[in-house]
Every structure is written in C-alpha cells, then in structure tokens.
Amino acid sequence: MPAVQRGNLRALDARFSRIGQSDHLSHSPASVSLLLGTGGDRRIWPDPVTRRNRYGTLAAPADDEISFSSTTASNVSGEGFLAAGIALRRLIDLESPSPVPYDEWFADIRQAIARSLGCVDAEIVLAASGTDAELIALCLFAGLSKRPLTNVLVAPDETGNGVPRAAAGCHYSDLTALGGAVEAGAPLEGLSPGRIEVRTIAIRNETGEPRSQHEIDADVIAAVERELRRDRDVLVHVLDTSKTGLPAVSRPAARHMAALAPGRVHIIVDACQLRGSISSLRKDLADGFMVAMTGSKFIAGPPFSGALLIPSTFAEAFATRAGIPEGLAEYTAAQDWPAALRQRTSFAFTSELNLGLGLRWIAALANLEGYAAIAESRQRLIKEEFVSLVRSRIEDMKGVSLHPHDDGGHLGSRAIVPLTITTASGSLASFEDSQNIQVLMRTLGQGPICHIGQAVRLGSRAVLRVAGSATDVAAVSARMTEGQSLPQAMEPIRARLDVFFDGLSAALQHLRGA
C-alpha cells in the first residue's frame, strides 16, 4: 500500500476512534444521515435548516412523504437506512475485537451488487455518480488506446447534466466528490487537450418528437465508421433508458459497431436509471460492453451511488496494458476498485476510501436485492399497471397531459410517465414554471410532502416525471406472493397516487394564482 494510503488509513482510524468515544457514532442515526451526505458534491450536501439536499430529499427515512421521483432522487428507505447503520457499526465498532478491514467491507459491497445482478464475473468499480462512472470508463479506454479518441454520446440532454463535459474528459464541476477543487471544463490531468472529441446524436427532433430507432442506429453507425476512417478509436454510448424513458441505440447495432474494429470500438451501456431488464445487462456484459449504473434512480437508494461494471475481457486487457490518467484520482478512491484491478496498476490513488459512497450503496442494496429476486415477467406486469394508474389520473386533470410524442410502449417497461403542463391560458408551461411546481409539491403545506421528478426540456416544452421505483415493485410483488390479486396488491400505490395528484393540482392552482 502506498505511503499516502497508509497515512489516510491511520488518520481515519484515529478520527473514528475519537468520534466513536465521544459521540457513539456507530449507534447514532444522525451520524448515519450525516455520513450518507459525504463523498459527493454540493448536490447532496444537506441544507442546514431543512436537512434536504438540492434534490429536495432526505438522508433519513420519511415514511410520511409520498415519492414518485425516482427518475431524480428519493429519500433513503427505512430498510436502507437500517442496513447502512448496521454496516457502519460493523466497520468501526470499538467493542469488536476484530473490526472488519476496510478492503473486505468494500469488497462485500461489490460482491453484493454482482450477486444481485447475476454478473459475478464482472469487475465493479464504485463511483460517486453516473457522471463519475462516465469519467472512469473514459479514462480506462484512454489508458488502453494509443490513438486519439472520439466519444459518441447519445441524447446528452436526457442524461446527466455533467455528462457532456465528462464525456470530453473534462472536470464537469468545480468540486469533485472527494472534495477536490478543480476548474470546471478543464481537461483532467493526463488527458491532453484535443485528444478526445465528442460527437452527439439526438434521440428527438426539434419539436421533441422521438426519432425512430432505425434513424438513430444509422446515425451512430455512420459516426463510428467516419471516426475509424480518421484513425481514431471510438467509445459508443447505448442509452438503456433516458430521463423520459426512451431507449436509444439498439443492441444489434451496438454489436455491429463493436465488430467493425475489435479493440478500437468499445461500447458503454448507460443504465444509470436501471429501469430496463437486468437480464439484458448481463447479456451486455457477456457481449463485452461496459455498463454504467446507479443505485439511486429506479432502485431508490440515496443519491450519488454509482458503479461501472467492467466485463472480464476488458478488465484483463486493462490490467495488463493500461495506465490511468492521473487526474482521475480527484474522483475515485482506492477502495472503490476491486483488488484484482487495484493491485495490478501503478495508478497513484490519493484517497483510500469514500465512506459515504459505501454507505449509500449499502442502503441501495437493501432495495436492489429484493427487486432483483422478482421474476422479470412480474416486474414488468407491475410496472405496466403503475403506468396505467398514472394515465387514468391525468385523463381528466386540467392542465396536465401525456403528450402524444411521449406516449409510447416504452413507458410500461420503464415505469415512467412524463407529464406536460399547460398554463391557465393553454400555453405550454416553461421549464422554470415546471421546476417551481416540483418545489411547490414539497413546500406548499397543503397535505403531505410529495416528490416528483425534476423538469426536463423537450424541444419547446418541459415535462415533469412521475415514476415508480424498485421499492414500489417489490412491495406489490410481496403482497401478490401472499395471495393478493394485482389490483389488490396495487391498492396502497393507488391511494398514494390519489394524494400525490391532489398535491400536483394544488401546486398548479397556486402557480396560476400567483
């Protein structure tokens, strides 16, 4: 272990000992909440008054709040919060004669993710967010390749806000998850300016209408062929689920592009929403594709819990040939990486571990493990019923509609319904007004606090998003296993949706009366 890592480890040991002796950290719910908000950027820092992060969610259970905002962020579940507290005690329990070593603690997290997804042969690198996973994937590819790189990014306006900068190998903010102050927009150290170019492919036209899969595939394949002729290596994004539920770039097209120039064209599947089938992600890994995912969208774990899944063939090539650009040390800690990769690289990690990230993943796993155990046919059945219930509530609701451009068969499999809002005059609500509605549903004070997914710009309009989560699906499935019919098992969600849409109606009335 490098000296800087040993020093960090000793400092952490001493810090935990002092805190544990004075505050009983390992037994304090407030301390668990505090640590869940560490190891990420400003977006998850709690407000000193409301204790909410910038997404409006809490790092503590809030069973009295109604949340259909898993496209953006969710409050930590009670089960997840309990699991995080238990894991924290396991790591730093001062009364234990043999506390769990840090490397074993983080290895257990990666193994639990792999077991839940059924991908035990993949290597898993933890990442503070999906955007950080993008940076890690790009740096791995840059370390393997000796040529200039082109990153083909699909639907940049329907992925993470920082992804376009990260896709270019640049700092996407002025503060990293590990607390480093950097220059937003500047290249990471070790990635020479101009080496990486980004090509973007739209999944909607200028009016917000989805483009056909055939058109998107043709555009991406043409871009890859063009970049190969320029003697550039290419990283291609397959979008498993966009912010509004659309998939983009078909798997057959992805396999075709990878075969155009093996070793020079690599595929990364953006599954950060994690709303598609888990079996398809296993197939992606078997095909040699990297997969970026999070536990904080559909899985409804605390925000800022990401991971990059690396197929075994790519991991072996990386371990034997690659170097990592040194600027990545601002974003990733040694214990985020599996020992099989960490011990075979000369990369100089400057942080030993990201405790907050580990705790957030443990909370997310409390949701993921139950969901992953459900048959995919039942998962889809419940998701489709959720979408049907949402549709039925907006049919006669004034000022809220499902735009024809958004009304596709993909909604049921992804459990997302994008809502288009109109003003009292019948015009489309602005992006700013849509965002105000999202805030009003939390702050208006007329009924329970409700959470809806943040606004997304689609051409000239904006949509808010109502979404089911893994915890919703798991709860319904459990009731069905106990013998309830699907309509009976959906009753608690039906009741929450009624209150939720009452809250949306009140927010609309308030906005129109302002």
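The values are calculated or read from the model by the stated rules, or taken from the named source; none is laboratory data. Keep in mind that what you see is a predicted model, and the values were worked out from it rather than measured. Here the Cβ positions follow ideal geometry from the backbone for every residue, glycine too, while neighbour counts run over all protein chains shown. All accessible areas refer to the heavy atoms of the entire protein, side chains included, with ligands and DNA or RNA removed. Shrake-Rupley method; radii C 1.70, N 1.55, O 1.52, S 1.80 Å.
Summary table below
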quantity	calculated
Condition met for Gly190 (over 20 Å from the mean Cα position of the chain (by Cα), part of a loop (DSSP other than H, G, I, E, B), at pLDDT below 95 and over 25 Å from Ala334 (Cα atoms))	no
Residue that is least open to solvent (accessible area, probe 1.4 Å) [pool: residues in segment 162-185 that are farther than 21 Å from Ser145 by Cβ and assigned to a strand (DSSP E or B)]	Leu175
Scan of segment 465-514 for residues that are hydrophobic (A, V, I, L, M, F, W, C) and open to solvent by 60 Å² or more (accessible area, probe 1.4 Å), ordered by number	Ala514
Condition broken by Gly180, with the remaining ones in (1) at pLDDT 95 or above; (2) under 22 Å from the mean Cα position of the chain (by Cα) satisfied	(1)
Residue among Leu36, Leu58, Leu88 that alone is among the aliphatic types (A, V, I, L, M) and open to solvent by 20 Å² or more (accessible area, probe 1.4 Å)	Leu58
Selection from segment 374-424 of residues that are hydroxyl-bearing (Ser, Thr, Tyr), open to solvent by 40 Å² or more (accessible area, probe 1.4 Å) and over 18 Å from Ala455 (Cα atoms)	Ser377, Ser388, Ser392
Residue list for segment 141-158, filter: under 20 Å from the mean Cα position of the chain (by Cα) and open to solvent by 10 Å² or more (accessible area, probe 1.4 Å)	Pro156, Asp157
Test result for Thr350, open to solvent by 60 Å² or more (accessible area, probe 1.4 Å), under 25 Å from Leu178 (Cα atoms) and of a type outside the set (Phe, Trp, Tyr)	yes
Leu188 out of contact with any helix residue (DSSP H, G or I) (no Cβ under 7 Å at 6 or more places or on another chain) and open to solvent by less than 10 Å² (accessible area, probe 1.4 Å)	no
Considering residues of segment 263-273 that are farther than 30 Å from Ala455 by Cβ and modelled with pLDDT of 95 or more only, the residue surrounded by the fewest Cβ atoms within 10 Å (Cβ to Cβ)	Arg264
When residues of segment 130-140 are limited to those that are out of contact with any Asp or Glu (no Cβ under 8 Å at 6 or more places or on another chain) and of a type in the set (Gly, Ala, Ser), the one surrounded by the most Cβ atoms within 10 Å (Cβ to Cβ)	Ala133
Which numbered condition Glu134 fails, given (1) within 25 Å of Leu341 (Cβ to Cβ); (2) more than 14 Å from the chain's Cα centre (by Cα)	(2)
Close pairs from segment 401-422: first modelled with pLDDT of 95 or more, partner aromatic (Phe, Trp, Tyr), Cβ under 7 Å, at least 6 apart	Ala415/Phe386
Per-region count, segment 425-439, residues exposed (fewer than 15 other Cβ atoms within 10 Å of the Cβ) and touching a strand residue (DSSP E or B) at 6+ places or on another chain (Cβ under 9 Å)	1
Filtered residues of segment 320-345 (kept if touching a strand residue (DSSP E or B) at 6+ places or on another chain (Cβ under 9 Å) and surrounded by fewer than 19 Cβ atoms within 10 Å (Cβ to Cβ))	Ala340
